[in-house]
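Report on one structure; see the data block that follows.
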Amino acid sequence: MGLKVKECINYIETLINVFTIENGKVKVLLFRKKTDPYKGYWLLPGEMVKSGDALENTISDVVYDKIGLTSLYIEQSHIFSKCVRDNDELVISVSYIGLIDSKSAEIKREDRIDYESKWFPIDSLPKLAFNHENIIDKAVEQLQNKIINTNFIKKLFPGDFTLPEIQSVYEQLLGKKMDRRNFRKKFINLGIVKPTGNKSEGGLGRPATLYIFRDEFKERNLF
């Protein structure tokens, strides 16, 4: 005999895993909690769903009010039931993933009394509050499944990039090293990118050719 929802769930919340790429590293945006419980721990930006409000409206409010962005690529990730929050209240957590390029990832928002924000590499996360580590793991798993699609990777690189940078993203998400020459040959032969005519500046080693995705190309999987 199953439990009635009203007997075990107090609230519904939306949480968003905002990912960006910085120097070939996949990073997620986290907020630091300055009050108990979990004071000093980090957590995903989110908000409780108000009575009668839609999930989509709530997550849009999070993106604008807490993160300071007017637009962001968003899609739903997973639903987590019976999550314990402040005051031992049980909630259903609906998580989303959001993608933003590094040039647009400047956070423009008013400082909040209870939170500070920072980007963390997905393989070097700080202490996380509640069950947010599990929520991030599920979101990264979704990225791993989608990153092989050419249209999806384009959302993370709307501007220029180097091939070593984009290869580093695949290696981090897929958890394996790739031969540089084979990756370069395969990526270029797909016909989805074109050189900008410019070279990268700064960093170690020789300047690398900068590429951009073509405006239109046939959607396909890379691997």
Next on the checklist: Scan region 164-177 and tell me whether some residue there is within 25 Å of Ile122 (Cβ to Cβ) and touching a His at 6+ places or on another chain (Cβ under 9 Å).
Outcome noted: no
For region 205-223, pairs from a residue that is without any contact (Cβ under 8 Å) to a residue 40 or more places away in the chain to a residue that is open to solvent by less than 90 Å² (accessible area, probe 1.4 Å) and not in a loop (DSSP other than H, G, I, E, B), with Cβ under 8 Å and 6 or more apart or across chains, are Arg214/Val193; Arg214/Lys194
> Out of curiosity, is Asp111 at pLDDT below 95 and in contact with a strand residue (DSSP E or B) (Cβ under 8 Å, 6 or more places away or on another chain)?
Replying inline: no
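The rows are residues; the columns are (1) in contact with a helix residue (DSSP H, G or I) (Cβ under 6 Å, 6 or more places away or on another chain); (2) of a type outside the set (Val, Ile, Thr); (3) over 18 Å from Thr20 (Cβ atoms); (4) modelled with pLDDT of 90 or more.
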position: Glu116; (1), (2), (3), (4): no, yes, no, no
position: Asn182; (1), (2), (3), (4): no, yes, yes, yes
position: Ile192; (1), (2), (3), (4): yes, no, yes, yes
position: Arg206; (1), (2), (3), (4): no, yes, yes, no
position: Thr209; (1), (2), (3), (4): no, no, yes, yes
position: Ile212; (1), (2), (3), (4): no, no, no, yes
position: Leu222; (1), (2), (3), (4): no, yes, yes, no
Within region 1-41, the residues that are of a type in the set (A, V, I, L, M, F, W, C), outside any loop (DSSP other than H, G, I, E, B) and modelled with pLDDT under 90 are Val5, Cys8
All-but-one check, Val169 against (1) over 26 Å from Gln76 (Cα atoms); (2) assigned to a helix (DSSP H, G or I); (3) open to solvent by less than 60 Å² (accessible area, probe 1.4 Å); (4) not small (Gly, Ala, Ser), failing number (1)
From the option list Phe157, Phe152, Phe217, Phe213, single residue qualifying as more than 24 Å from the chain's Cα centre (by Cα) and closer than 24 Å to Leu72 by Cβ is Phe217
Among residues of region 190-213 being within 29 Å of Glu141 (Cβ to Cβ) and either in a helix (DSSP H, G or I) or out of contact with any Pro (no Cβ under 6 Å at 6 or more places or on another chain) (or both), the residue most open to solvent (accessible area, probe 1.4 Å) is Ile212
Report task. Can you confirm whether region 174-183 contains a residue that is open to solvent by 30 Å² or more (accessible area, probe 1.4 Å), of a type in the set (Lys, Arg), over 21 Å from Pro45 (Cβ atoms) and part of a loop (DSSP other than H, G, I, E, B)? Result -> yes
Restricting region 85-108 to residues that are modelled with pLDDT under 90 and among the polar types (S, T, N, Q), the one most open to solvent (accessible area, probe 1.4 Å) turns out to be Asn87
Of the residues in region 13-64, those that are open to solvent by 70 Å² or more (accessible area, probe 1.4 Å) and either more than 20 Å from the chain's Cα centre (by Cα) or in contact (Cβ under 8 Å) with a residue 12 or more places away in the chain (or both) number 13
Taking region 70-84 and keeping residues open to solvent by less than 70 Å² (accessible area, probe 1.4 Å) and either touching a Lys or Arg at 6+ places or on another chain (Cβ under 8 Å) or within 21 Å of Asn10 (Cα to Cα) (or both) leaves Ser77, His78, Phe80, Cys83
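The values are calculated or read from the model by the stated rules, or taken from the named source; none is laboratory data. In this text, all values refer to a predicted model and were calculated from it rather than measured experimentally. In this analysis, Cβ positions are derived from the backbone assuming ideal geometry, glycine residues included, and neighbour counts consider all displayed protein chains. Surface areas here come from the heavy atoms of the whole protein model, side chains and all, with no ligands, DNA or RNA. Shrake-Rupley method; radii C 1.70, N 1.55, O 1.52, S 1.80 Å.
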